[in-house]
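Participant: Just dropping this structure here.
Laboratory data are not the source of any read-out in this text; all were calculated from the coordinates shown. Quick caveat, the model's predicted, so the values are computed rather than measured. As a convention, Cβ positions derive from the backbone with ideal geometry for all residues, glycine included, and neighbour counts pool all protein chains shown.
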Amino acid sequence: MSEAAAVSGGPGAEPRHGVRIATIWAVATAIVLPLVIWVVGPHIPPGAMSQQTRDQHQVDVVLTALATPIVLLIWVYFGYAVRVFRNHGTAVVDGPPITGNRRIEATWLIATSALVLGLAVFGTADLLATGGAGGGEGPNPVAKPADWRGALPVQVIGQQWLWTFRYPTYGGVETTTLELPVNREIEFHVTSLDVVHSFWAIELGVKADAVLGADNIAFDKPFETGPFQVRCDELCGLWHGHMNTTGRVLSDANFATWITNQERKNAALTKQLPPYSRVYYPSPLRNAS
């Protein structure tokens, strides 16, 4: 191909591959992105049982939507390269050596920086706006919900290999099942009696480490009644895989009935427990192992 043909864009000129790739990518994005948001999006976990799961679902949809054009760009470029730039004939011919392209480098740097910083701002703003996170924030949370002072405190105690739950505002009664009232802010205080565990209430969007001698606070506000799963998500010994249970979100009336029954049924055991504290240390009477 002569230089004149290349410059003039005549019959022998090299096609504008960048324009072709950008056009194919734009069309593919315009078709696929709405499908991802409105068809796939509603089915992306973890659901909408609580404020925290709704927030996590929204973030997951946003991240998936942002990742879609990037993935499509990779696929389109790869497919185009395989189709157009593949070797023809038996001779193996290398492409022209490229030592650098400032335009591509600058575009890549600006685009990735904007994406990362934008996600950081989005995540921080969402955390502070909703107030409180399903992830443990330590003993002094920075992000708190607006009504955190009226939150129901529930202590989550991990030990090899079971969970117990203590309700300090109901006489410090401790139960082996986790029951919560609907439409009320919950302030989980997660701790351990032995090794490191991880309290994971899946459908509530709560996941906080349980550490001996530490009070790890996580907030949650259930919006729907029904059961949810509780698991340990930190390898904690031989029976780690069996350290799971189920909890329930109840109506206010049902929760009041349940907690009253627990107080009455466990009155004798409650008297033998140490006074409520943010942390405990293991003793033969409290260690299930």
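Participant: When the Karplus curve 6.51 cos²θ - 1.76 cosθ + 1.60 is applied with θ = phi - 60°, which whole-Hz ³J(HN,Hα) does each residue of region 205-214 get, with x for Gly and Pro?
Facilitator: Rounded to whole hertz, the list is x, 10, 8, 9, 5, 10, 10, 4, x, 10.
Participant: Taking the alpha-carbon distance from Lys207 and a cut-off under 20 Å, which lysines remain once sequence neighbours fewer than 8 residues away in the same chain are dropped?
Facilitator: Within reach: Lys144, Lys221.
Participant: In deg cm²/dmol and to the nearest 500, what is the mean residue ellipticity at 222 nm of the chain if only DSSP H runs of at least 4 residues count, each as -39500 (n - 2.57), divided by the residue total? Display every interim value, and only then the final one.
Facilitator: On the way: 6 runs with 108 residues, N = 289.
Value at 222 nm, helices only: -12500 deg cm²/dmol.
Participant: Mind pulling the angle between the C-alpha long axis of helix 252-265 and the longest principal axis of the chain? Nearest 10 degrees, somewhere in 0 to 90.
Facilitator: Its long axis makes an angle of about 50 degrees.
Participant: Right, another one. If each residue of separation counts as 0.36 nm, what is the full-extension length gain between Ala13 and Ala267 once their alpha-carbon separation is subtracted? Intermediate values should be presented prior to the final figure.
Facilitator: Details: separation 254, 0.36 × 254 = 91.44 nm, distance 8.88 nm.
Length gained between Ala13 and Ala267: 82.6 nm.
Participant: Just to confirm the filter: which trypsin sites (Lys or Arg not before Pro) across region 24-89 are DSSP coil and have at most 16 other Cβ within 10 angstrom of their Cβ?
Facilitator: Details: sites: Arg54, Arg83, Arg86; in loops: Arg86.
Of the trypsin sites (Lys or Arg not before Pro), the ones in loops of region 24-89 whose Cβ has at most 16 other Cβ atoms within 10 Å are Arg86.
Participant: So, one more: Taking a cut-off of 12 Å between Cα atoms, list the aspartates and glutamates near Lys271, but don't count ones fewer than 8 places away on the same chain.
Facilitator: Glu174, Glu263
Participant: Which of Ala267, Ala81, Ala129 moves most in a GNM of the chain, Cα contacts under 10 Å?
Facilitator: Per the Cα network of the chain with a 10 Å cutoff, Ala81 tops the list.
Participant: On C-alpha positions alone, give me the angle between the axis of helix 51-84 and the longest principal axis of the chain, in degrees, nearest 10.
Facilitator: Helix 51-84 and the main axis of the chain meet at about 20 degrees.
Participant: For q = 0.12, 0.19, 0.21 Å⁻¹, what log10 I(q)/I(0) does region 148-272 give under the Debye formula with an equal point scatterer on each alpha carbon and no solvent?
Facilitator: With one equal scatterer per Cα and no solvent, log10 I(q)/I(0) is -0.41, -1.06, -1.27.
Participant: Which of these, Thr257, Thr225, Thr270, has the largest mean-square fluctuation under a Gaussian network model of the chain (Cα springs below 10 Å)?
Facilitator: Thr257
Participant: Where does the charge balance sit around Trp258 when Lys and Arg score +1, Asp and Glu -1, over other residues with C-beta under 9 Å from its C-beta?
Facilitator: Details: positive: Arg248; negative: Glu179.
Result for the local shell: 0.
Participant: Where does the chain land on Rg(C-alpha)/(2.2 N^0.38 Å)?
Facilitator: On the way: Rg = 27.9 Å, N = 289, 2.2 N^0.38 = 18.9 Å.
Cα Rg divided by the expected 2.2 N^0.38 Å: 1.47.
Participant: Also: Calculate, for Asp126 and Phe78, the FRET efficiency according to 1/(1 + (r/R0)^6) with r their C-beta to C-beta distance and R0 30 Å; round to the nearest 0.05.
Facilitator: 0.35
Participant: Here is a follow-up. Distance between the C-alpha centers of region 262-277 and region 216-253? Whole Å please.
Facilitator: 21 Å
Participant: Measure nothing fancy, just the Cα-based angle from helix 17-35's long axis to the longest principal axis of the chain, in degrees from 0 to 90, nearest 10.
Facilitator: For 17-35 against the chain, the angle is about 30 degrees.
Participant: What residue among Ala30, Ala218, Ala65 shows peak mean-square fluctuation when the chain is described by a Gaussian network model with Cα springs under 10 Å?
Facilitator: Per the Cα network of the chain with a 10 Å cutoff, Ala30 tops the list.
Participant: Restricting to the chain, compute how many DSSP beta bridges are antiparallel as a %, nearest 5.
Facilitator: Details: 28 of 41 bridges.
Once the DSSP bridges in the chain are tallied, antiparallel ones form about 70 percent.
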